Amino acid sequence: MKTTEPTQTLKKAMATATGTLLIAASAIASASQAPASADNTGTQQADLPKYLNTRQGFDVHALPEDQVSPSLQKGMPAHKQLMKRTKGVSTPDAVIQQNRKDDSGSRLVFFPSTPPKMMPYLDGIYVFGNTCIQPGAVINEDPLSTGAQIVKNRLSDVGFQYSFNHGFNYTGITGPRPIGGQRDFTSYNASLLANWFLMRTRDGSQGLFIATEWDWGDGINYNQRNGGPNKSLGSLQNPAASSRGGGSYLANVSLGYSAFDGKLVLMVGQLDATNYLDQNAYSASGFNNLLNESFEFNQALPIPFGAWGYHVAWQPVKSFYLMAVSAGNNYQLNHNPFQYINKNAWTNMMEAGFVSDDFMGWGPGTIRFQYAWTRTGSENGNAVGINWQQQLGKHSTLGWFGRLGWADPDAAAINGVKSAVTTGLVWQAPWAAAGPFRYANNDQLALGFLWLTPADSIKPVRNNNEYGIELAYVMQITPTMTIEPDIQITRNPVHGNGKDTNVVFQIQNTWHW
């Protein structure tokens with residue numbers, strides 16, 4: 001049954017889409033035989049729903065007809081679109097308005113096709129939308145993209161929204177390798193984040209959902225659990241953040257509840273708190289951004305991952321939110337999380353965020369202050385962090401990010417990092433509207449710098465200060481697939497031979513479904 005149901009669903013989805021196209025073709029043919037007033041035609045076209053588009057969460061606008069991919073037209077009509085969200089960005093009002101009320105007449109709507117209400121910043125965190133097609137690709141249509149959009153649209157009809165990133169990565173290392181090991185690494189990795197909205201009130205003021213995360217990674221020529229680029233380098237930093245650690249595992253299975261018109265979200269279950277806290281629009285994803293894991297989240301903060309815990313988010317106004325998580329810090333992958341509930345292995349973390357639509361005339365910006373207190377064994381620990389993102393110009397596509405974190409010896413022992421500093425620039429949609437490098441949502445040119453110091457728990461080390469610099473370019477090849485060449489320079493790996501310098505080259509393709 002588990003094998004046939006998805007197949008039947010996909011067949012029904014494709015059959016419906018094919019029927020819709022045939023009806024549309026018939027209507028067009030009939031219209032061509034009957035004369036129509038130019039004024040009436042213009043009015044009708046003006047009244048038709050338009051596909052919306054955003055530049056990775058910013059700058060929402062109606063997508064011009066000549067930029068609409070045929071894969072999007074075939075996969076979903078404009079009136080059903082729920083725009084793709086970007087974590088760390090407050091969802092624009094025009095996109096939130098797509099979360100239409102259900103007019104069925106019932107007080108409760110089960111498996112709703114649109115999510116419950118959420119405040120703008122929370123909406124960007126907990127809602128995925130039903131759009132995977134991106135405009136401006138080098139290849140404007142392909143069967144994989146069309147099929148992915150059809151499936152995504154169909155599943156959203158029953159409340160299932162998701163972000164599925166998967167693809168291949170090659171990493172090559174030059175320079176010293178203190179522990180030997182290989183220089184070349186090839187892998188296939190996948191990450192599925194999904195929220196299934198089970199029910200909501202008709203007005204959207206309350207809702208219930210299940211949040212999940214499934215990760216899978218396989219080193220084609222190495223074991224991801226026992227080796228990788230960071231092992232060969234002897235470094236704290238992991239150059240390949242898309243590496244999912246080997247094998248298949250669930251990192252998040254939790255029950256969520258939204259209330260008070262989306263001002264409050266509560267969650268309980270197995271949590272990957274990195275999905276909710278420490279987000280940054282310019283530095284957040286190893287699948288479509290800077291590839292070094294140090295840019296994905298603050299390495300000095302002991303953010304709970306995969307353990308049983310509790311999460312609360314509160315956004316009373318658009319300009320401020322508060323998040324907290326309380327969860328275990330000793331979880332082992334693919335084990336029963338209930339077996340690891342221990343008051344002597346626990347982390348509590350809070351994050352306060354201040355959101356501005358236009359910070360001092362520079363455009364949208366968000367600053368986050370973080371504090372964590374931990375219990376490991378009989379010792380208590382503390383850690384603090386700052387996370388800032390800022391657009392550099394009111395109408396600019398250039399953005400800056402910065403993270404700063406510090407942990408005392410007990411809290412630092414969890415991740416092995418005492419302090420972490422990362423900063424950089426990201427130029428989104430850097431090219432013109434036409435040509436082979438034309439404007440696309442996922443196109444970006446990014447430069448990042450990192451500085452890490454080791455925890456006392458992993459000493460002795462050769463170097464107390466480890467550095468890195470990364471240059472990456474993401475290019476939209478098809479409406480759902482990107483290719484990213486990436487080069488990194490690592491300096492002074494903590495377990496290096498001395499003042500080592502290594503060059504790490506990567507190329508990664510990712511399907512974003």
(Q) Please compute, over every Cα-Cα pair in the chain, the percentage with a separation greater than 44 angstrom. (A) 15 percent
Q: Return the distance in nm (one decimal) between the two label points of a simple spin-label model at residue 380 and residue 141, each offset 7 Å from Cα along Cα→Cβ.
A: 6.4 nm
Q | Charge dipole (debye, nearest 20) of region 215-344; +1 at Cβ of Lys and Arg, -1 at Cβ of Asp and Glu | A | 180 debye
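Given a cut-off of 26 Å, name the pairs among 84/418; 263/343; 74/117; 87/318 whose C-alpha atoms lie farther apart than that in the structure shown.
Values: 84/418 36 Å; 263/343 30 Å; 74/117 28 Å; 87/318 15 Å.
From the list (84/418; 263/343; 74/117; 87/318), the Cα-Cα distance tops 26 Å for 84/418; 263/343; 74/117.
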(Q) As a test of the definition: which semi-axes, in Å, follow for region 360-513 when you take the square root of five times each eigenvalue of its alpha carbon gyration tensor? Largest first, please. (A) 34, 21, 14
Q: Measure nothing fancy, just the Cα-based angle from helix 38-47's long axis to the longest principal axis of the chain, in degrees from 0 to 90, nearest 10.
A: 30 degrees
**Q.** Environment charge of residue 54, counting only residues whose C-beta is closer than 14 Å and scoring Lys/Arg +1, Asp/Glu -1
**A.** +1
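If you place +1 on the Cβ of every Lys and Arg and -1 on the Cβ of every Asp and Glu, how big does the dipole about the Cα centre of region 99-172 come out, in debye to the nearest 20?
260 debye
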Q.
5 Å is the cut-off here: which amide hydrogens, built 1.01 Å from N in the peptide plane, fall below it relative to residue 246, excluding neighbours closer than 5 in sequence?
A. 217
Q) Lys/Arg Cβ at +1, Asp/Glu Cβ at -1, dipole of the chain taken about the Cα centre: which of 176, 338, 125 is farthest positive-ward? A) 338
Q) Given H placed on each backbone N at 1.01 Å, which residues far from residue 284 in sequence or on other chains put an amide H within less than 5 Å of it? A) 290
Q | Degrees, to the nearest 10: 4-33 long Cα axis against longest axis of the chain | A | 40 degrees
Q. Taking a spot 7 Å from the Cα of residue 501 along the direction of its beta carbon, which residues of region 154-187 have an amide N less than 16 Å from it?
A. 174-177
Q: Work out the charge dipole of the chain with +1 on the Cβ of Lys and Arg and -1 on the Cβ of Asp and Glu about the Cα centre, then indicate which of 247, 465, 96 is farthest towards its positive end.
A: 247
Q | Cα lying deepest toward the dipole's positive end in the chain, options 424, 135, 222, charges on Cβ | A | 222
Q: Count neighbours as other Cβ atoms within 10 Å of each site's Cβ, and list the chymotrypsin sites (Phe, Trp or Tyr not before Pro) in region 249-335 that are DSSP loop with at most 14 such neighbours.
A: 260
Q. So, with +1 on the Cβ of K and R and -1 on the Cβ of D and E, and no other charges, what is the size of the charge dipole of region 124-512 about its Cα centre, to the nearest 20 debye?
A. 340 debye
Q: Quick one: what are the phi-derived ³J(HN,Hα) couplings along region 293-301, Karplus 6.51/-1.76/1.60 with θ = phi - 60°, whole Hz, x for glycine and proline?
A: 4, 5, 8, 7, 7, 5, 5, 7, 8
Q.
Give me, ordered by chain and number, the residues 5 or more places off residue 252 or on other chains with an amide H under 5 Å from its own placed amide H.
A. 213
Q | Cleavage-rule hits (trypsin sites (Lys or Arg not before Pro)) in region 184-281: DSSP loop, at most 13 neighbouring Cβ within 10 angstrom | A | 225
Q) Excluding same-chain residues fewer than 8 positions from residue 394, which aspartates and glutamates have a Cα within less than 14 Å of its Cα? A) 59, 357, 358
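Each value in this text was obtained by applying a stated rule to the coordinates, not by laboratory testing. Model, not experiment: these values are computed from the prediction. Neighbour counts run over all protein chains shown; Cβ positions are idealised from the backbone, glycine included.
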